[in-house]
Amino acid sequence: MAGVLDRYRGSTLHVQVADPPDRGAPGTGKLDFEPLFARLAAQGYDGWVGLEYAPADAEDSTGSFGWLREKAGH
């Protein structure tokens, strides 16, 4: 992923994330997002990061924001 960010740094207009292998919420898969977000910031990206993941409970997606509450310390 770092190489992709480097390769397209001049043409990146927006970023959407999901965690592989199953397009889950950040922290449920194999990617460490913190260094990738830091790399984007260091490259001057100041746009939005959209969430494009499939919630664990498709009937009630509000539960899928637990990772965000944990990051915020709530």
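Tell me which residues, restricted to the stretch 35-52, are part of a helix (DSSP H, G or I) and under 9 Å from the mean Cα position of the chain (by Cα). Quick ask: steps written out before the conclusion?
To start, the set of residues in the stretch 35-52 that are part of a helix (DSSP H, G or I) comprises 35-42.
Listed by number, the residues that qualify are L36, F37.
Screening L13 against (1) exposed (fewer than 10 other Cβ atoms within 10 Å of the Cβ); (2) at pLDDT below 75; (3) among the aliphatic types (A, V, I, L, M) leaves a single unmet condition, (2). T62 fails exactly one of the following numbered conditions: (1) open to solvent by 90 Å² or more (accessible area, probe 1.4 Å); (2) part of a helix (DSSP H, G or I); (3) at pLDDT below 90. What is the number of that condition? Looking at each condition in turn, T62 falls short on (1).
A Cβ distance below 7 Å, combined with a sequence gap of six or more or placement on separate chains, defines the contacts here; from the stretch 27-50, residues that are open to solvent by 60 Å² or more (accessible area, probe 1.4 Å) reach residues that are of a type in the set (G, A, S) in the pairs R39/A2. All told, Y53 meets the bar of being in contact with an Asp or Glu (Cβ under 7 Å, 6 or more places away or on another chain) and at pLDDT 85 or above.
The values are calculated or read from the model by the stated rules, or taken from the named source; none is laboratory data. Quantities reported herein were computed from a predicted structural model and do not represent experimental measurements. Note: ideal-geometry Cβ built from the backbone for every residue, glycine included; neighbour counts use all protein chains shown. All accessible areas refer to the heavy atoms of the entire protein, side chains included, with ligands and DNA or RNA removed. Shrake-Rupley method; radii C 1.70, N 1.55, O 1.52, S 1.80 Å.
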